[in-house]
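The values are calculated or read from the model by the stated rules, or taken from the named source; none is laboratory data. Remember, it's a predicted structure, so these values are computed and weren't measured experimentally. Here the Cβ positions follow ideal geometry from the backbone for every residue, glycine too, while neighbour counts run over all protein chains shown.
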Amino acid sequence: MIKSYRKRFVISTLSLLGLVLIVAFSIFGFYTYQNYYKDLQTTMSLVIRPLDGPNGMFRSIGDDKRPPEPDFQVKDREPGTEPPEKGHEPPEKSENANGIVIDSEIDIITVFYNKTSGEFSLLSENESVDSARIRNAVLGISESGERFGKSEEYGYVFCLEESGDELKVALVDSGYLSGRIRSIALQMFVIFAALMTVFFFITLWLSKIASRPMERAVEMERQFVADISHDLKTPITVILANNSIIKDSPGSTVADQRQWIDSTDNAAKNMMAMVGEMLTLSSLESRGREVELSKIDLAPIAEKSSLQLESVAYERGITVETDIAPEAFVNGNAEYAERICNGLLENALKYEPDGGIVEVKLVAGRKKTKLSFKNRGSVIESEDIDHIFERFYRGDKTRGIKKGYGLGLPIIKQMVDLLGAGIEVESSPGEGTVFTVTFDTE
């Protein structure tokens, strides 16, 4: 069950993170494409704006002569550096004579067209351009009436400036934008894969942390089922055995069978006590913070609990020593406070050896009032202290024979929490065990 929970946790978390990343990367990619498109438009418009007419930089379409060097001033390499290998040239920036900064990766073809004379001239660093394709593209663009856009038929992004019969057109192969987008998509995919790998290991680690309380609860439940089965099995076995004995003597009177009847009664009462503790804990947990608090005096409540349980202590030769303040007003609930006192004193007497001493101490303060119960003859191991208030937990292996059902202290802890108080446990071989409840006085 735990493995299945962890698997679902990892899958659901990664799915949600993956969806968020996909949406984020899609938005980023869309805006990046838009920015590239706008930047390209700006660059192309700057390239054609200074051109007032054909000059020596242009060559007529169909001229086989090598075109003159373009009016670009490319930045020189640093002295002592080797030129990059072909195909691995880093992106460079260049500027023309008019100070226009142009990305050297963009092959911008500048075309001059005169509608009256029909003359075409172009400027391009690429000698392998298809002149016929460019001619047809420019004619189509001039007829479209658009100043900037993409010619899907000829595969160019264009920017046009018109002055009378003269047209200046900048063309860029639409594959430039496609290449940019593919490059960005590849980068985002690599980042996405890396992030999902990192998130996978983080989520796997978090699933272990998240499943620890469940693992603990499952282990406690298994232990409880084992313990409660043993605790129920004993009284049920006693009841069945007693009934069998009584049935075997149908002629006997009630007085003759008193021993077996009393034994059956005690076994049934033990079962009722266990069920009652479980119902009490369930009721307290369902109430939440729905407890009416008021000013109460803890002194008479602590005195009453000590007197009520004095007879139990006397039967075992245990001395109950009290040090209770004359009055101690706190924020609380009289019923719950009395049950807390009785429960902790019963717990102290239960684990104190015969002939020992149990101390009850109430110290009143201006902001905090402390009520403590100490039994000197038993010690709680350090690994058990963190778990004694958990349901069904019993650290009795360290405190003697098994007593109770592991629900008494969780019930007390729940009551303490409902009163807004706090409870602490200290235990050491020399001092014994002390349970201290701290109440607010304001």
**Prompt:** Hey, does region 132-144 have a residue that's at pLDDT below 80, part of a loop (DSSP other than H, G, I, E, B) and surrounded by fewer than 16 Cβ atoms within 10 Å (Cβ to Cβ)?
**Reply:** no
**Prompt:** Going by the conditions given, is Val190 more than 17 Å from Ile11 (Cβ to Cβ) and in contact (Cβ under 8 Å) with a residue 12 or more places away in the chain?
**Reply:** no
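Any idea which of Gly355, Gly343, Gly365 is surrounded by 17 or more Cβ atoms within 10 Å (Cβ to Cβ) and not hydrophobic (A, V, I, L, M, F, W, C)? Before you say what the answer is, go through the steps one by one.
On the way: Gly355 fails: surrounded by 17 or more Cβ atoms within 10 Å (Cβ to Cβ); Gly365 fails: surrounded by 17 or more Cβ atoms within 10 Å (Cβ to Cβ).
The unique qualifying residue is Gly343.
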**Fill in**
Of the residues in region 175-211 that are farther than 20 Å from Ser26 by Cα and in contact with a Lys or Arg (Cβ under 9 Å, 6 or more places away or on another chain), the one that is surrounded by the most Cβ atoms within 10 Å (Cβ to Cβ) is Ser207
**Prompt:** Glu153 is checked against (1) surrounded by 13 or more Cβ atoms within 10 Å (Cβ to Cβ); (2) not in a helix (DSSP H, G or I) and fails just one. What number does that condition carry?
**Reply:** (1)
**Close pairs from region 96-125: first among the aliphatic types (A, V, I, L, M), partner assigned to a loop (DSSP other than H, G, I, E, B) and modelled with pLDDT of 50 or more, Cβ under 6 Å, at least 6 apart** = Ile109/Ser124
**Message:** Cβ-Cβ under 6 Å, sequence separation 6+ or interchain: first residue in region 160-179 and in contact (Cβ under 8 Å) with a residue 40 or more places away in the chain and closer than 11 Å to Val111 by Cα, partner hydroxyl-bearing (Ser, Thr, Tyr) and surrounded by 18 or more Cβ atoms within 10 Å (Cβ to Cβ). Which pairs?
**Reply:** Leu167/Tyr113; Ala170/Thr110; Leu171/Tyr156
**Request:** Provide a single number: the residues in region 362-382 that are part of a strand (DSSP E or B), without any contact (Cβ under 8 Å) to a residue 60 or more places away in the chain and touching a Phe, Trp or Tyr at 6+ places or on another chain (Cβ under 8 Å).
**Result:** 1
**Request:** Identify all residues within region 183-238 that are modelled with pLDDT of 75 or more and among the charged types (D, E, K, R); write none if there are none.
**Result:** Lys208, Arg212, Glu215, Arg216, Glu219, Arg222, Lys233
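Only one of Ser178, Ser163 is polar (S, T, N, Q) and closer than 26 Å to Glu119 by Cβ. Can you tell me which? Show your work before the answer.
Values: Ser178 fails: closer than 26 Å to Glu119 by Cβ.
The unique qualifying residue is Ser163.
In region 248-269, what count of residues is obtained for those that are in a loop (DSSP other than H, G, I, E, B) and over 23 Å from Lys233 (Cβ atoms)?
Narrowing region 248-269 to residues in a loop (DSSP other than H, G, I, E, B): 248-257.
Imposing the further condition that a residue be over 23 Å from Lys233 (Cβ atoms) reduces the set to 249-257.
Residues that pass the stated criteria total 9.
In region 383-420, what residues are assigned to a helix (DSSP H, G or I) and modelled with pLDDT under 75? Break it down into steps so the answer makes sense when it comes.
To start, the set of residues in region 383-420 that are assigned to a helix (DSSP H, G or I) comprises 383-385, 396-398, 408-418.
Result: Asp396, Lys397, Thr398.
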**Fill in**
Of the residues in region 313-334 that are out of contact with any helix residue (DSSP H, G or I) (no Cβ under 9 Å at 6 or more places or on another chain) and acidic (Asp, Glu), the one that is nearest to Tyr351 (Cα to Cα) is Glu315
**Request:** Check Leu204 against each of (1) touching a Gly at 6+ places or on another chain (Cβ under 9 Å); (2) in contact (Cβ under 8 Å) with a residue 60 or more places away in the chain and name the one condition it does not meet.
**Result:** (1)
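Name the single residue that is farthest from the chain's Cα centre (by Cα) among those in region 158-182 being among the β-branched types (Val, Ile, Thr) and more than 16 Å from Ser121 (Cβ to Cβ). Talk me through it step by step, then tell me what you get.
Of all residues in region 158-182, those among the β-branched types (Val, Ile, Thr) come to 169, 172, 181.
Now restrict to residues that are more than 16 Å from Ser121 (Cβ to Cβ): 172, 181.
Numbers: Val172: 49, Ile181: 34 Å.
Among those residues, the one meeting the criterion is Val172.
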